[in-house]
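Report on one structure; see the data block that follows.
The values are calculated or read from the model by the stated rules, or taken from the named source; none is laboratory data. Since we're looking at a predicted model, the values are computed, not measured. Reconstructed Cβ throughout: ideal geometry from the backbone, glycine too, with neighbour counts over all protein chains shown. With ligands, DNA and RNA removed, areas are computed over all heavy atoms of the protein, side chains included. Shrake-Rupley method; radii C 1.70, N 1.55, O 1.52, S 1.80 Å.
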Amino acid sequence: MAYAEQGEVIAEFVDTTKRFGKVLAADRLNLRIGKGEFLSFLGPSGCGKTTALRMLAGFEAPTEGRILIDGQDIGAEPAHRRPVNMVFQHYALFPHMTVAENVGYGLRQRRPKLAKDDIAARVARALDTVRLGDFGPRRIWEMSGGQQQRVALARAIVNEPKILLLDEPMAALDAKLRAEMQMELLSLQRKLGITFILVTHDQQEALSMSDRICIMGKSRIAQIGTPRELYDRPANRYVADFVGRANILPGTVTRNIGEHALVRLASNHDVVVEAPRPVNPGDKVDIAIRPEGLRLGASAEPGLPDITATVARMTFLGEHVEYLLRHPDLGELQVMVPRQAERALPGVDVGTQLHILWDQGNGLILGQD
Ligand code: ATP
(Lines give C-alpha, C1' and ligand atoms only; values in the text may rest on other atoms or scores of the structure.)
Protein backbone atom coordinates (compact mmCIF):
# COMPACT_ATOMS: atom_id res chain seq x y z
CA MET A 1 0.00 0.00 0.00
CA ALA A 2 1.68 3.13 -1.16
CA TYR A 3 0.19 5.48 1.43
CA ALA A 4 2.89 8.09 1.22
CA GLU A 5 2.74 8.12 -2.59
CA GLN A 6 -1.00 8.80 -2.45
CA GLY A 7 -0.21 12.07 -0.73
CA GLU A 8 -2.03 11.22 2.48
CA VAL A 9 0.93 11.77 4.74
CA ILE A 10 0.29 12.20 8.45
CA ALA A 11 3.82 12.21 9.84
CA GLU A 12 7.21 12.76 8.36
CA PHE A 13 10.81 12.45 9.50
CA VAL A 14 13.06 14.75 7.49
CA ASP A 15 16.79 14.08 7.97
CA THR A 16 16.02 13.54 11.62
CA THR A 17 19.06 12.83 13.77
CA LYS A 18 19.33 12.23 17.51
CA ARG A 19 22.52 12.12 19.53
CA PHE A 20 22.80 11.29 23.22
CA GLY A 21 26.28 12.66 23.94
CA LYS A 22 28.53 10.54 21.74
CA VAL A 23 25.83 7.95 20.98
CA LEU A 24 24.20 8.38 17.59
CA ALA A 25 20.73 6.92 18.31
CA ALA A 26 19.04 8.01 15.06
CA ASP A 27 20.99 8.88 11.94
CA ARG A 28 19.27 11.03 9.30
CA LEU A 29 15.91 9.26 9.27
CA ASN A 30 13.75 10.02 6.24
CA LEU A 31 10.31 8.50 6.35
CA ARG A 32 6.76 9.45 5.43
CA ILE A 33 3.94 7.74 7.29
CA GLY A 34 0.49 7.58 5.71
CA LYS A 35 -2.85 8.46 7.24
CA GLY A 36 -4.47 5.29 8.56
CA GLU A 37 -1.34 3.23 8.04
CA PHE A 38 -0.07 0.51 10.35
CA LEU A 39 3.68 0.97 10.32
CA SER A 40 6.23 -0.95 12.36
CA PHE A 41 9.78 -0.10 13.30
CA LEU A 42 11.58 -3.44 13.37
CA GLY A 43 15.16 -4.01 14.42
CA PRO A 44 17.45 -5.50 17.05
CA SER A 45 17.92 -4.00 20.51
CA GLY A 46 19.61 -0.61 20.52
CA CYS A 47 19.08 0.23 16.84
CA GLY A 48 17.09 3.38 17.61
CA LYS A 49 13.46 2.27 17.24
CA THR A 50 12.27 3.70 20.54
CA THR A 51 14.20 6.91 19.97
CA ALA A 52 12.35 7.44 16.67
CA LEU A 53 9.03 6.90 18.43
CA ARG A 54 9.90 9.15 21.37
CA MET A 55 10.86 11.97 19.02
CA LEU A 56 7.47 11.70 17.34
CA ALA A 57 5.75 11.68 20.74
CA GLY A 58 7.70 14.74 21.87
CA PHE A 59 9.62 13.03 24.69
CA GLU A 60 12.91 13.68 22.90
CA ALA A 61 13.89 16.57 20.65
CA PRO A 62 15.82 15.83 17.45
CA THR A 63 19.43 17.02 17.47
CA GLU A 64 19.12 17.83 13.76
CA GLY A 65 16.41 17.61 11.15
CA ARG A 66 12.66 17.94 11.51
CA ILE A 67 9.51 16.04 12.37
CA LEU A 68 6.23 17.02 10.72
CA ILE A 69 2.70 16.05 11.66
CA ASP A 70 -0.01 16.99 9.19
CA GLY A 71 2.58 19.03 7.32
CA GLN A 72 3.46 21.20 10.35
CA ASP A 73 6.90 21.18 11.95
CA ILE A 74 6.03 20.10 15.50
CA GLY A 75 9.58 20.36 16.84
CA ALA A 76 8.59 23.06 19.33
CA GLU A 77 5.28 21.49 20.44
CA PRO A 78 5.39 19.83 23.87
CA ALA A 79 4.25 16.18 24.06
CA HIS A 80 0.82 16.92 25.51
CA ARG A 81 -0.02 19.32 22.66
CA ARG A 82 0.69 16.77 19.91
CA PRO A 83 -2.15 14.72 18.39
CA VAL A 84 -0.26 11.62 19.41
CA ASN A 85 -0.55 9.09 22.23
CA MET A 86 1.76 6.34 23.35
CA VAL A 87 1.21 2.88 24.84
CA PHE A 88 4.22 1.66 26.79
CA GLN A 89 5.57 -1.83 27.30
CA HIS A 90 4.61 -1.87 30.96
CA TYR A 91 1.38 0.06 30.39
CA ALA A 92 2.19 2.64 33.14
CA LEU A 93 -1.29 2.36 34.66
CA PHE A 94 -2.06 3.91 38.05
CA PRO A 95 -2.53 0.93 40.39
CA HIS A 96 -4.62 2.79 43.01
CA MET A 97 -7.22 3.96 40.46
CA THR A 98 -10.09 2.05 38.90
CA VAL A 99 -10.08 1.08 35.26
CA ALA A 100 -12.40 3.97 34.36
CA GLU A 101 -10.33 6.47 36.38
CA ASN A 102 -7.21 5.34 34.56
CA VAL A 103 -8.84 5.72 31.16
CA GLY A 104 -10.30 9.14 32.04
CA TYR A 105 -7.14 10.50 33.65
CA GLY A 106 -5.97 12.53 30.66
CA LEU A 107 -9.45 13.91 30.04
CA ARG A 108 -9.70 15.14 33.65
CA GLN A 109 -6.44 17.07 33.24
CA ARG A 110 -7.74 19.02 30.24
CA ARG A 111 -8.09 22.79 30.48
CA PRO A 112 -10.65 24.17 29.89
CA LYS A 113 -12.34 21.47 31.90
CA LEU A 114 -14.57 18.90 30.26
CA ALA A 115 -18.02 18.19 31.74
CA LYS A 116 -18.17 15.09 33.98
CA ASP A 117 -20.86 13.48 31.80
CA ASP A 118 -18.80 14.07 28.72
CA ILE A 119 -15.77 12.40 30.33
CA ALA A 120 -17.88 9.44 31.48
CA ALA A 121 -19.36 8.99 28.01
CA ARG A 122 -15.98 9.10 26.33
CA VAL A 123 -14.48 6.65 28.85
CA ALA A 124 -17.41 4.26 28.34
CA ARG A 125 -16.96 4.46 24.57
CA ALA A 126 -13.21 3.76 24.80
CA LEU A 127 -13.79 0.81 27.15
CA ASP A 128 -16.43 -0.59 24.79
CA THR A 129 -14.01 -0.29 21.90
CA VAL A 130 -11.49 -2.52 23.69
CA ARG A 131 -14.26 -4.87 24.86
CA LEU A 132 -14.01 -3.90 28.55
CA GLY A 133 -17.42 -2.23 28.75
CA ASP A 134 -18.29 -3.79 32.13
CA PHE A 135 -14.92 -3.35 33.77
CA GLY A 136 -14.91 0.39 34.54
CA PRO A 137 -15.29 0.07 38.37
CA ARG A 138 -12.64 -2.67 38.69
CA ARG A 139 -9.24 -2.06 40.25
CA ILE A 140 -6.16 -2.47 38.09
CA TRP A 141 -4.77 -5.34 40.22
CA GLU A 142 -7.97 -7.28 39.56
CA MET A 143 -7.24 -7.28 35.83
CA SER A 144 -5.19 -9.91 33.96
CA GLY A 145 -2.15 -8.97 31.86
CA GLY A 146 -4.18 -8.96 28.65
CA GLN A 147 -6.93 -6.85 30.23
CA GLN A 148 -4.39 -4.35 31.57
CA GLN A 149 -3.05 -4.11 28.07
CA ARG A 150 -6.51 -3.21 26.82
CA VAL A 151 -6.97 -0.64 29.60
CA ALA A 152 -3.73 0.99 28.44
CA LEU A 153 -5.09 0.99 24.87
CA ALA A 154 -8.39 2.51 25.97
CA ARG A 155 -6.53 5.24 27.83
CA ALA A 156 -4.48 5.96 24.72
CA ILE A 157 -7.43 6.21 22.34
CA VAL A 158 -9.85 8.05 24.62
CA ASN A 159 -8.78 11.48 23.43
CA GLU A 160 -8.89 10.43 19.79
CA PRO A 161 -5.26 10.93 18.77
CA LYS A 162 -4.34 11.03 15.10
CA ILE A 163 -1.43 8.71 15.73
CA LEU A 164 -1.06 5.94 18.28
CA LEU A 165 2.47 4.94 19.18
CA LEU A 166 3.02 1.46 20.57
CA ASP A 167 6.36 0.67 22.19
CA GLU A 168 6.61 -3.13 22.37
CA PRO A 169 3.14 -3.25 23.93
CA MET A 170 2.94 -7.03 23.80
CA ALA A 171 6.38 -7.85 25.16
CA ALA A 172 5.06 -8.68 28.64
CA LEU A 173 2.38 -11.13 27.43
CA ASP A 174 2.78 -14.89 27.00
CA ALA A 175 2.86 -16.30 23.46
CA LYS A 176 -0.82 -17.23 23.19
CA LEU A 177 -2.15 -13.98 24.61
CA ARG A 178 0.32 -12.11 22.49
CA ALA A 179 -1.04 -13.68 19.31
CA GLU A 180 -4.60 -12.83 20.39
CA MET A 181 -3.68 -9.26 21.22
CA GLN A 182 -1.96 -8.83 17.87
CA MET A 183 -5.17 -9.68 16.05
CA GLU A 184 -7.21 -7.49 18.40
CA LEU A 185 -4.89 -4.58 17.95
CA LEU A 186 -5.11 -4.93 14.19
CA SER A 187 -8.89 -5.01 14.14
CA LEU A 188 -8.96 -2.04 16.54
CA GLN A 189 -6.73 -0.12 14.17
CA ARG A 190 -8.93 -0.96 11.18
CA LYS A 191 -12.03 0.04 13.15
CA LEU A 192 -10.62 3.38 14.36
CA GLY A 193 -8.84 4.17 11.11
CA ILE A 194 -6.06 6.01 12.93
CA THR A 195 -2.37 5.63 12.23
CA PHE A 196 -0.62 3.06 14.41
CA ILE A 197 3.15 3.02 14.74
CA LEU A 198 4.53 -0.04 16.46
CA VAL A 199 8.03 -0.66 17.75
CA THR A 200 8.98 -4.32 17.89
CA HIS A 201 11.96 -6.63 17.60
CA ASP A 202 9.68 -9.56 16.74
CA GLN A 203 9.67 -10.10 12.98
CA GLN A 204 6.58 -12.32 12.97
CA GLU A 205 4.68 -9.59 14.80
CA ALA A 206 5.81 -6.96 12.31
CA LEU A 207 5.16 -9.17 9.26
CA SER A 208 1.67 -10.20 10.31
CA MET A 209 0.40 -6.79 11.43
CA SER A 210 1.98 -4.06 9.35
CA ASP A 211 1.03 -2.33 6.13
CA ARG A 212 4.67 -1.32 5.93
CA ILE A 213 7.75 -2.07 7.98
CA CYS A 214 10.70 0.22 8.53
CA ILE A 215 13.70 -2.02 9.14
CA MET A 216 16.26 -0.34 11.37
CA GLY A 217 19.91 -1.27 11.62
CA LYS A 218 22.51 0.65 13.64
CA SER A 219 20.53 3.90 14.01
CA ARG A 220 19.66 3.97 10.31
CA ILE A 221 16.76 2.89 8.15
CA ALA A 222 17.89 -0.22 6.28
CA GLN A 223 14.75 -0.58 4.14
CA ILE A 224 11.10 0.46 4.13
CA GLY A 225 8.45 -1.67 2.43
CA THR A 226 5.43 -3.89 2.72
CA PRO A 227 6.04 -7.23 4.44
CA ARG A 228 5.98 -8.96 1.04
CA GLU A 229 8.38 -6.49 -0.55
CA LEU A 230 10.86 -6.91 2.28
CA TYR A 231 10.61 -10.68 2.13
CA ASP A 232 10.71 -11.00 -1.66
CA ARG A 233 13.08 -8.15 -2.40
CA PRO A 234 15.38 -7.48 0.53
CA ALA A 235 17.62 -4.57 -0.42
CA ASN A 236 20.72 -5.89 1.26
CA ARG A 237 22.25 -8.65 3.32
CA TYR A 238 21.14 -7.15 6.61
CA VAL A 239 17.45 -7.14 5.62
CA ALA A 240 17.65 -10.57 3.92
CA ASP A 241 19.02 -12.00 7.15
CA PHE A 242 16.73 -10.12 9.48
CA VAL A 243 13.40 -10.75 7.73
CA GLY A 244 12.88 -14.46 7.33
CA ARG A 245 15.82 -16.67 6.52
CA ALA A 246 18.03 -16.63 3.50
CA ASN A 247 20.95 -18.49 1.97
CA ILE A 248 23.45 -15.80 1.07
CA LEU A 249 26.09 -16.76 -1.47
CA PRO A 250 28.88 -14.76 -3.10
CA GLY A 251 29.22 -14.86 -6.87
CA THR A 252 30.44 -13.07 -9.99
CA VAL A 253 28.13 -11.65 -12.65
CA THR A 254 28.86 -13.23 -16.04
CA ARG A 255 26.02 -11.80 -18.12
CA ASN A 256 23.02 -9.46 -18.00
CA ILE A 257 19.69 -10.89 -19.13
CA GLY A 258 17.14 -8.07 -18.99
CA GLU A 259 16.09 -7.73 -15.36
CA HIS A 260 18.00 -10.89 -14.53
CA ALA A 261 21.64 -11.80 -14.50
CA LEU A 262 23.69 -14.92 -14.90
CA VAL A 263 25.91 -15.33 -11.85
CA ARG A 264 28.76 -17.79 -11.36
CA LEU A 265 28.87 -19.28 -7.87
CA ALA A 266 32.01 -20.28 -5.96
CA SER A 267 31.29 -23.86 -7.10
CA ASN A 268 31.46 -22.72 -10.77
CA HIS A 269 27.76 -23.33 -11.29
CA ASP A 270 25.88 -20.63 -13.21
CA VAL A 271 22.51 -19.50 -11.88
CA VAL A 272 19.94 -17.07 -13.27
CA VAL A 273 18.79 -14.64 -10.59
CA GLU A 274 16.85 -11.38 -10.37
CA ALA A 275 18.92 -8.21 -10.66
CA PRO A 276 16.97 -5.40 -8.95
CA ARG A 277 19.89 -3.02 -9.62
CA PRO A 278 22.09 -2.63 -12.69
CA VAL A 279 25.11 -4.94 -12.65
CA ASN A 280 27.95 -5.58 -15.07
CA PRO A 281 29.87 -8.69 -16.04
CA GLY A 282 32.73 -9.16 -13.59
CA ASP A 283 30.91 -7.56 -10.65
CA LYS A 284 31.30 -9.39 -7.35
CA VAL A 285 27.86 -9.73 -5.79
CA ASP A 286 25.98 -11.41 -2.97
CA ILE A 287 22.93 -13.47 -3.88
CA ALA A 288 20.07 -14.26 -1.49
CA ILE A 289 17.80 -17.21 -2.02
CA ARG A 290 15.09 -18.27 0.43
CA PRO A 291 15.07 -21.88 1.69
CA GLU A 292 11.74 -22.41 -0.13
CA GLY A 293 13.26 -21.06 -3.37
CA LEU A 294 15.35 -24.22 -3.77
CA ARG A 295 14.18 -27.77 -4.49
CA LEU A 296 15.81 -31.11 -3.79
CA GLY A 297 15.93 -34.02 -6.21
CA ALA A 298 17.26 -37.56 -6.29
CA SER A 299 18.73 -36.72 -9.70
CA ALA A 300 19.70 -33.61 -11.65
CA GLU A 301 17.23 -31.87 -13.98
CA PRO A 302 18.11 -30.87 -17.53
CA GLY A 303 18.67 -27.15 -17.99
CA LEU A 304 19.47 -26.55 -14.32
CA PRO A 305 22.92 -26.46 -12.72
CA ASP A 306 23.81 -29.76 -11.07
CA ILE A 307 24.63 -28.82 -7.50
CA THR A 308 25.27 -31.95 -5.46
CA ALA A 309 25.35 -31.61 -1.68
CA THR A 310 25.22 -33.82 1.40
CA VAL A 311 22.34 -33.82 3.87
CA ALA A 312 23.65 -32.66 7.25
CA ARG A 313 20.36 -32.29 9.15
CA MET A 314 16.64 -32.74 8.62
CA THR A 315 14.18 -30.90 10.87
CA PHE A 316 10.53 -31.94 10.79
CA LEU A 317 8.27 -28.89 10.99
CA GLY A 318 4.86 -30.39 10.20
CA GLU A 319 3.91 -29.14 6.74
CA HIS A 320 7.55 -28.74 5.81
CA VAL A 321 10.83 -30.44 6.45
CA GLU A 322 13.83 -28.19 6.70
CA TYR A 323 16.97 -29.66 5.19
CA LEU A 324 20.46 -28.44 5.92
CA LEU A 325 22.92 -29.47 3.24
CA ARG A 326 26.68 -29.09 2.94
CA HIS A 327 28.52 -28.34 -0.24
CA PRO A 328 32.35 -28.23 -0.33
CA ASP A 329 32.46 -24.81 -2.09
CA LEU A 330 29.13 -23.24 -1.17
CA GLY A 331 29.07 -24.11 2.53
CA GLU A 332 25.75 -24.76 4.25
CA LEU A 333 22.45 -24.36 2.42
CA GLN A 334 18.96 -24.47 3.87
CA VAL A 335 16.17 -25.94 1.76
CA MET A 336 12.53 -26.01 2.85
CA VAL A 337 10.80 -29.08 1.41
CA PRO A 338 6.99 -29.42 1.50
CA ARG A 339 5.86 -32.83 2.83
CA GLN A 340 4.29 -33.60 -0.52
CA ALA A 341 7.60 -33.08 -2.34
CA GLU A 342 9.47 -35.14 0.23
CA ARG A 343 7.69 -38.27 -0.99
CA ALA A 344 9.89 -38.11 -4.09
CA LEU A 345 12.93 -38.50 -1.86
CA PRO A 346 12.51 -41.93 -0.23
CA GLY A 347 15.23 -43.26 2.05
CA VAL A 348 17.01 -39.95 2.42
CA ASP A 349 18.94 -39.52 5.64
CA VAL A 350 21.86 -37.60 7.08
CA GLY A 351 24.83 -38.29 4.81
CA THR A 352 22.78 -38.85 1.63
CA GLN A 353 23.87 -36.93 -1.46
CA LEU A 354 21.09 -34.95 -3.11
CA HIS A 355 20.79 -32.56 -6.01
CA ILE A 356 19.90 -28.97 -5.19
CA LEU A 357 17.61 -27.73 -7.96
CA TRP A 358 17.86 -23.99 -8.44
CA ASP A 359 15.08 -22.87 -10.77
CA GLN A 360 15.90 -20.03 -13.14
CA GLY A 361 14.95 -16.63 -11.77
CA ASN A 362 14.83 -17.66 -8.11
CA GLY A 363 17.00 -15.61 -5.79
CA LEU A 364 18.22 -12.07 -6.24
CA ILE A 365 21.30 -9.92 -6.21
CA LEU A 366 21.59 -7.89 -3.01
CA GLY A 367 22.66 -4.27 -2.72
CA GLN A 368 25.33 -2.92 -0.37
CA ASP A 369 24.44 -2.80 3.34
P1 ATP B 1 15.40 -1.64 22.48
O2 ATP B 1 14.72 -2.61 21.55
O3 ATP B 1 16.42 -2.30 23.34
O4 ATP B 1 14.45 -0.76 23.22
P5 ATP B 1 15.85 0.45 20.53
O6 ATP B 1 16.06 -0.01 19.15
O7 ATP B 1 14.52 0.97 20.88
O8 ATP B 1 16.28 -0.67 21.55
P9 ATP B 1 16.83 2.95 21.52
O10 ATP B 1 16.24 2.77 22.86
O11 ATP B 1 16.20 3.92 20.61
O12 ATP B 1 16.94 1.56 20.77
O13 ATP B 1 18.36 3.34 21.70
C14 ATP B 1 19.25 3.65 20.63
C15 ATP B 1 20.63 3.98 21.20
O16 ATP B 1 20.55 5.20 21.93
C17 ATP B 1 21.16 2.95 22.17
O18 ATP B 1 22.56 2.85 21.98
C19 ATP B 1 20.83 3.52 23.52
O20 ATP B 1 21.73 3.07 24.49
C21 ATP B 1 20.95 5.01 23.27
N22 ATP B 1 20.05 5.79 24.14
C23 ATP B 1 18.70 5.77 24.12
N24 ATP B 1 18.17 6.63 25.02
C25 ATP B 1 19.22 7.21 25.63
C26 ATP B 1 19.37 8.22 26.66
N27 ATP B 1 18.30 8.79 27.22
N28 ATP B 1 20.61 8.58 27.02
C29 ATP B 1 21.69 8.02 26.44
N30 ATP B 1 21.65 7.08 25.46
C31 ATP B 1 20.44 6.69 25.07
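Within the shell defined by Cβ-Cβ distances under 12 Å, the residues around ALA240 carry a net charge of 0, with Lys and Arg each +1 and Asp and Glu each -1.
When a/c reaches 1.5 or more, the comparison of a/b and b/c decides; with that in mind, is region 1-100 rounded, prolate or oblate per its Cα gyration tensor? Since a/c reaches 1.5 but b/c is at least a/b, the shape of region 1-100 is classed as oblate. Between GLY65, GLY217, GLY318, the Gaussian network model of the chain with springs among Cα atoms under 10 angstrom shows the greatest mean-square fluctuation at GLY318. What part of the accessible area of the chain, given as a whole %, is carbon or sulfur when the probe is 1.4 angstrom? That share works out to 50 percent.
Would you mind telling me the antiparallel percentage of the DSSP bridges in the chain, rounded to 5? Please report the intermediate quantities before stating the final value.
Values: 61 of 81 bridges.
Rounded to the nearest five, the antiparallel share is 75 percent.
Pairs exceeding a 31 Å alpha-carbon distance, out of LYS218/LYS284; LYS18/LYS191; LYS18/LYS116; LYS18/LYS176; LYS18/LYS162: LYS18/LYS191; LYS18/LYS116; LYS18/LYS176.
For the chain, what value does the Rg/Rh ratio take when both radii are computed over Cα atoms and Rh is the Kirkwood radius, given to two decimals?
1.07
If you run the Gaussian network model on the chain, springs between alpha carbon atoms under 10 Å, then out of GLY331, GLY146, GLY34 the most flexible one is GLY331.
Ignoring ligands, DNA and RNA, what accessible area per residue does the chain give at 1.4 Å, in Å²?
Numbers: 17940 Å² over 369 residues.
Here the per-residue accessible area is 49 Å².
Sort region 221-369 into rounded, prolate or oblate with this rule: let a ≥ b ≥ c be the square roots of the eigenvalues of the Cα gyration tensor; rounded if a/c is under 1.5, and if a/c is not under 1.5, prolate when a/b is larger than b/c, oblate otherwise. The shape class here is oblate. Close amide-amide hydrogen proximity is noted between ASN236 and GLY367, each under 5 Å apart and 5 or more residues distant or on a separate chain (H modeled in the peptide plane; Pro and chain starts excluded). Counting charges near LEU357 (Lys, Arg +1; Asp, Glu -1) among other residues having Cβ under 10 Å from its Cβ returns a value of -2. If I build a Gaussian network model for the chain, linking alpha-carbon pairs within less than 10 angstrom, which residue out of ILE215, ILE257, ILE287 has the largest mean-square fluctuation? Judging by the Gaussian network model, the answer is ILE257.
Here the chain is treated with +1 on each Lys and Arg Cβ and -1 on each Asp and Glu Cβ, and its dipole about the Cα centre works out to around 1420 debye.
Placing unit charges on the Cβ atoms only, positive for Lys and Arg and negative for Asp and Glu, gives region 100-225 a dipole magnitude near 480 debye about its Cα centre.
Amide H contacts for ASP359 (H built 1.01 Å from N in the peptide plane; partners 5 or more residues away or on another chain; cut-off under 5 Å): ARG295.
Lys/Arg Cβ at +1, Asp/Glu Cβ at -1, dipole of the chain taken about the Cα centre: which of ILE140, PRO305, ILE356 is farthest positive-ward? The Cα lying farthest towards the positive end belongs to ILE140.
Among TRP141, TRP358, the order of accessible area from largest down is TRP141, TRP358, computed with a 1.4 Å probe on protein heavy atoms. Comparing Cα centroids, region 62-101 and region 191-229 end up 19 angstrom apart.
Run the reach check for LYS49 against aspartates and glutamates, Cα to Cα strictly under 14 Å, same-chain hits fewer than 8 apart removed. What comes back? Leaving aside aspartates and glutamates fewer than 8 places away in the same chain, those within reach of LYS49 are ASP27, GLU60, ASP167, GLU168, ASP202.
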